[in-house]
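Report on one structure; see the data block that follows.
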Amino acid sequence: MCRSIKTLRPPTTPEVTDEDIRAAALQYVRKVSGFRAPAAHNREVFDQAVDTVAAATQELLNGLQIRGSAARHQAQP
């Protein structure tokens, strides 16, 4: 069963975990590639894409400024 990508920014989701970010990245890569689980010969590039999307998502969330809320603390790498 596929999980839908959910909104990860406050105040919609006050606490976002690394697992939340990875799940969203995985769902995105699955949708774009058309593979739920890639064949062995595509596994490395698929996993690298998930890592790249997860990192970009974390960077985006760290940089967002939400009006009317206190300043966000950036996550430690």
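For the range 36-53: of the residues being within 20 Å of residue 20 (Cα to Cα) and assigned to a loop (DSSP other than H, G, I, E, B), which is most open to solvent (accessible area, probe 1.4 Å)?
Looking at the filtered set, the residue picked out is 36.
So how many residues does the range 11-25 have that are under 14 Å from residue 58 (Cβ atoms) and open to solvent by less than 90 Å² (accessible area, probe 1.4 Å)?
Total meeting the criteria: 8.
The values are calculated or read from the model by the stated rules, or taken from the named source; none is laboratory data. None of these values were measured; they are calculated from a predicted model. With ideal geometry, Cβ positions are generated from the backbone for all residues, glycine too; neighbour counts draw on all protein chains shown. These accessible areas exclude ligands, DNA and RNA; they are computed on the full protein's heavy atoms, side chains included. Shrake-Rupley method; radii C 1.70, N 1.55, O 1.52, S 1.80 Å.
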